[in-house]
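Read through the structure below, which is laid out as structure tokens, and then see the notes.
The values are calculated or read from the model by the stated rules, or taken from the named source; none is laboratory data. Everything numeric here is computed off the predicted structure, so don't read it as measured data. Cβ placement follows ideal geometry from the backbone for every residue including glycine, while neighbour counts extend to all protein chains displayed.
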Amino acid sequence: MRERLKRIFILFMAAAVLLGAAPSTAFTALADEKETENEDLEIPKVFHKDDDNEVVRIVIGKTPSITIGKSSTISIAVKNTTDTDWLESEIWIAPEADYQGYYDEIEDEDGEIIKTMNATYPFEITDSLNKHYKIGHINAGAKKTVNLRVNVKKNLKEGYYPVKLYISKRSRGEDGMSGEFQKTVMVWAETKEASSTSESDESSTEPIGFALGENQSTPQANYNEVMNFNMNLRNTGYKTAYDVRVEMELSEDITKFPFEINDGNYDRWMNNINPDQTVEVPYSMAIREEAKSGYYPIKFKIRYREEENGAFLTPVEDTFYVRVIGKDEEDELSDDAGENERTKARIIVDSFETDPARILAGQDFTLKVKMKNASSDITASNILFTFEPEAVENSPVFTTANGSNSVVVNSLAPGASEVLTMKFTSSPSAEQRAYNITITEQYDSPEFKNAKETVKIAVALKQEARLNTGTIEVMPDSIEVGTETNIMFPINNTGKVTLYNVTAIFEADSIQRAESYVGNIKPGESGNVDVMVAGAAPTMDEGKIRLTITYEDENGVVTPVEKEVQLFVTEPVIMDDPSMDVGNMDIPEPEPTKMELLKKYAVPLGAAAAVLLILVVVLIKRKKKKAGMDDEIL
């Protein structure tokens, strides 16, 4: 039975696409859900590849239509069908890659392929296309509307197109997003004539939107008075909202609703509201005598038509705050009460992040700090947050991009949060470490005016590591296979951070891999490489060998730096070739050197000179002796 229903559903969808029915018939087998009186809302059935569960549902008033070649808005209501409140929720459009094979082909129970719908991705790829839209808190059984902004492709054909959505949520008491679901909604793409009206105004983000309480103070009154106030309501979109109706959400719980419920209906009909028009919604409410002091969030639902005679769209939900001065404030707190006798809100840093996450010295970055009112029952109002970065030598390490370092928040209810965004520029000469940013809070509580508190966060600043090498000496720069050469050069740390475990590695087909460990090099210092490299094979290329210098940062992350070294390796010269007949070869004698000639003739010449000298002496003696004998004879 289930397979038959599935096949019927698939065939029905295929027929709808082929026939090109009107938008009101899009997405076959839509189940009507009676949400409120005089309003029929549709819940699309789960597409067969979607997450088949009832935790989250998509609710639409009618099939959303988009304009081909134009910027369009898809209005969708996300419903929490569980009995647990969702603390956080998000929705985003799936990227084009997730469409591949998702809508193209489906098999029936007989294994045959059925084309079910046009699976063309209908949107232009922009930076904001797949952004996550924050839906925020959704109570159990409630729903919230979100408008998804898209740019539709220009060459698209009219027809129905599936839009794959991702929805994530985090329930109370759980850490992080506890669920992520995928849902399909059909949209009708059509061509519209160009218009010069405000409907084509691309500067607005939504066709119709509403803002409550702009440019007005929080209404307040004593417990025994009637609070007369007008609530400002502005159309923030670029289209006229027709037949606008504002409904106040009532409650018997005095902790949530401080007013007497005297009338049967507190709805207000405001007729039509043009783009950027502000109207005043009047109320006159008697405060309950037993109401406690504090700020009360009053919830409203705003219903409207996008077309003059169209159906009501999913209502927009928003909150407006009023202040009640109860009897407890008069009786329990005197004018001269000291600081320790007064209660005030506690505002803390819930979390923070930077973009980019790793900040380099001299780089611009965006700081997002989530501030939370940690009080259980005390509201903070008129809050001024001032950011004061840590200074080094009387100069702040981080400076704001626009000159302002303050952010104002009108009110933070108990348990509520607000994300503060500041853009900073970091100092290029700052030392690598974490620097404090002090956030000064100045705010009012019902019992405590101009309270001041400070909190601190630490933002890590990184310095980019830099190095260079001196002259690389290769001696000799040409070797034979099996012989070695000596390579020497210095590595200079030109940055502001220490380079750890510096190593030089030599690799090529012509040499044996060699590695030289240099160690740590402090900023401004050098380390020397002195390594012997052996030839392994003749060079077959331009004689380039790869030199890789690696170093680690303080976290042990390794960074390589590539360089090249010139070295040629040749075949060795072989002297004893067996094919050569040495016996029959005339090997020329080498020419003797002067020293060799001197050694060769020195001894004989010396001996001859000595003999000659002895001979001369003998002859002289003989001559003298003969002469003496002649004298005697005479």
- Message: Return the residues of region 396-430 that are in a loop (DSSP other than H, G, I, E, B) and free of Cβ contacts under 8 Å to residues at least 40 places away in the same chain; say none if nothing qualifies.
- Response: 401, 402, 403, 404, 405
- Filtering region 448-465 down to residues that are in a strand (DSSP E or B) and out of contact with any Pro (no Cβ under 9 Å at 6 or more places or on another chain) yields 451, 452, 453, 454, 455, 456, 457, 458, 460, 461, 462
- Message: Six or more apart or on different chains, Cβ atoms under 6 Å: show the pairs whose first residue is in region 135-148 and assigned by TED's automatic domain parsing to the domain that holds residue 65 and assigned to a loop (DSSP other than H, G, I, E, B) and whose second is buried (at least 21 other Cβ atoms within 10 Å of the Cβ) and hydroxyl-bearing (Ser, Thr, Tyr).
- Response: 135/89
- Query: Within region 570-580, is there a residue that is part of a strand (DSSP E or B), modelled with pLDDT of 85 or more and either among the hydrophobic types (A, V, I, L, M, F, W, C) or on the phi > 0 side of the Ramachandran plot (or both)?
  - Reply: no
- Task: Examine region 112-127 for a residue that is among the polar types (S, T, N, Q), at pLDDT below 75, under 21 Å from the mean Cα position of the chain (by Cα) and farther than 15 Å from residue 86 by Cα, and state whether such a residue exists.
- Result: no
- Could you please find all residues in region 521-545 being charged (D, E, K, R) and closer than 16 Å to residue 484 by Cβ? 530
- Note on the structure: Picked from region 274-296 (must be surrounded by 17 or more Cβ atoms within 10 Å (Cβ to Cβ) and not aliphatic (A, V, I, L, M)), the residue nearest to residue 261 (Cα to Cα) is 288
- Message: Condition first: touching a Gly at 6+ places or on another chain (Cβ under 9 Å) and surrounded by fewer than 22 Cβ atoms within 10 Å (Cβ to Cβ). Now tell me which residues in region 80-89 satisfy that.
- Response: 81, 82, 83, 84, 87, 88
- Task: Check residue 521 against each of (1) loosely packed, with under 13 Cβ neighbours inside 10 Å; (2) β-branched (Val, Ile, Thr); (3) at pLDDT 90 or above and name the one condition it does not meet.
- Result: (1)
- Message: Against the condition closer than 30 Å to residue 424 by Cα and of a type in the set (A, V, I, L, M, F, W, C), how does residue 504 come out, does it pass?
- Response: no
- Message: I'm trying to understand the selection: among the residues of region 340-385, which are loosely packed, with under 14 Cβ neighbours inside 10 Å, at pLDDT below 85 and touching a strand residue (DSSP E or B) at 6+ places or on another chain (Cβ under 9 Å)?
- Response: 377
- Subset of region 445-489 [free of Cβ contacts under 8 Å to residues at least 40 places away in the same chain and of a type in the set (Asp, Glu)]: 473
- Query: Applying the selection to region 171-215, what residues are outside any strand (DSSP E or B) and modelled with pLDDT of 80 or more?
  - Reply: 191, 207, 208, 209, 213, 214
- Note on the structure: In region 516-555, residues that are under 30 Å from residue 433 (Cβ atoms), in contact (Cβ under 8 Å) with a residue 24 or more places away in the chain and not β-branched (Val, Ile, Thr) total 11
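Yes/no per residue for (1) surrounded by fewer than 16 Cβ atoms within 10 Å (Cβ to Cβ); (2) more than 41 Å from the chain's Cα centre (by Cα); (3) of a type outside the set (Lys, Arg); (4) assigned by TED's automatic domain parsing to the domain that holds residue 380:
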residue	(1), (2), (3), (4)
221	no, yes, yes, no
251	yes, yes, yes, no
256	yes, no, no, no
301	no, no, no, no
- Counting only residues that are surrounded by 12 or more Cβ atoms within 10 Å (Cβ to Cβ) and not hydrophobic (A, V, I, L, M, F, W, C), which one in region 450-472 is farthest from residue 545 (Cα to Cα)? 453
- For region 532-576 the number of residues that are of a type in the set (A, V, I, L, M, F, W, C) and within 18 Å of residue 495 (Cα to Cα) is 4
- Note on the structure: How many residues of region 433-447 are surrounded by fewer than 19 Cβ atoms within 10 Å (Cβ to Cβ) and not in a strand (DSSP E or B)? The answer is 1
- Task: Please specify each residue of region 367-395 satisfying the condition of being among the hydrophobic types (A, V, I, L, M, F, W, C) and part of a strand (DSSP E or B).
- Result: 367, 369, 371, 380, 383, 384, 385, 387, 391, 392
- Condition test on residue 140, is it of a type in the set (A, V, I, L, M) and modelled with pLDDT under 85? yes
- Query: When you scan region 524-548, how many residues do you find that are hydroxyl-bearing (Ser, Thr, Tyr) and loosely packed, with under 15 Cβ neighbours inside 10 Å?
  - Reply: 1
- Task: For region 276-284, indicate whether the set of residues that are part of a loop (DSSP other than H, G, I, E, B) and farther than 30 Å from residue 253 by Cα is non-empty.
- Result: yes
